[in-house]
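Remarks on the structure that follows.
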């Protein structure tokens, strides 16, 4: 991943229409949609600029966490009742009604913990990548990152320039267009 971001190209734009035109131009230049990423300080809907939607598996994490939490709670309650049997008036040693509360809490705790881990994982945090970034993106500009540009870096730079990029930034060279 780190070598893929070394040849990345970032185009900085003023308005969303220019970014959409740049995405179209990059697609015509042969850049795949999963190599494009739009940066903005404003929450635009996913796919608003014509880029591919990023698939996610966030919905799996709560279910796996709930299953793990339920299993641990079940083992904890059954194990405790077997390890320390208290026979009271001929009642069964493993009693379900007191276990229900602990299993519910264990299920919820597992689901919540796995959901938080899933959000961190799916957000790809922390990001130790070497992708170029421009602080103006936090001030209202939009950025279009072309990851894994490789031998198509010149075509990508040309497509970004034709779409009206204010600046084009690479990791090695800094600013290309001023």
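Data overview
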read-out	value
Helix 153-162 vs. the chain, principal-axis angle (Cα, 0 to 90°, nearest 10)	70
Full-extension gain in nm, residue 54 to residue 121, via 0.36 nm per residue minus C-alpha separation	22.7 nm
Acute angle (nearest 10 degrees) that the helix 16-28 long axis makes with the longest principal axis of the chain, alpha-carbon atoms	80
Mean shadow area of segment 60-122, taken as a quarter of the surface of its Cα convex hull (nm²)	4.3
P(r) tail fraction, segment 56-96 - alpha-carbon pairs more than 13 Å apart, %	62
Residue with peak Gaussian network fluctuation, the chain [Cα springs, cutoff 10 Å], from 40, 95, 138	95
CD proxy at 222 nm, helix term only [per DSSP H run n ≥ 4: -39500 (n - 2.57); per residue of the chain; nearest 500]	-14500 deg cm²/dmol
Residue 87-residue 151 FRET efficiency (beta carbon distance; Förster radius 45 Å; 0.05 resolution)	0.05
Separation of the residue 63 and residue 28 label points, Cα + 7 Å toward Cβ, nm	4.3
Selected from 94, 168, 112 as most flexible by GNM, with the chain as the system and alpha-carbon contacts under 10 Å	94
C-alpha long axis of helix 60-83 to longest principal axis of the chain, angle in °	20
Nitroxide proxy distance, nm - points 7 Å out along Cα→Cβ at residue 14 and residue 104	6.0
Efficiency of FRET between residue 95 and residue 44 - r from beta-carbon atoms, R0 45 angstrom, step 0.05	0.25
Matching label, log10 I(q)/I(0) by the Debye sum over Cα atoms at q = 0.08, 0.10, 0.13 Å⁻¹ computed from the structure shown, candidates (i) -0.39, -0.56, -0.81; (ii) -0.43, -0.55, -0.71; (iii) -0.27, -0.41, -0.68	(ii)
Length-normalised contact order for segment 60-122 - Cα pairs under 8 Å, 6+ apart - percent	60
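Read-outs throughout are calculated quantities, based only on the coordinates presented, and are distinct from any laboratory measurement. Since this is a predicted model, take the numbers as computed values, not measurements. Neighbour counts run over all protein chains shown; Cβ positions are idealised from the backbone, glycine included.
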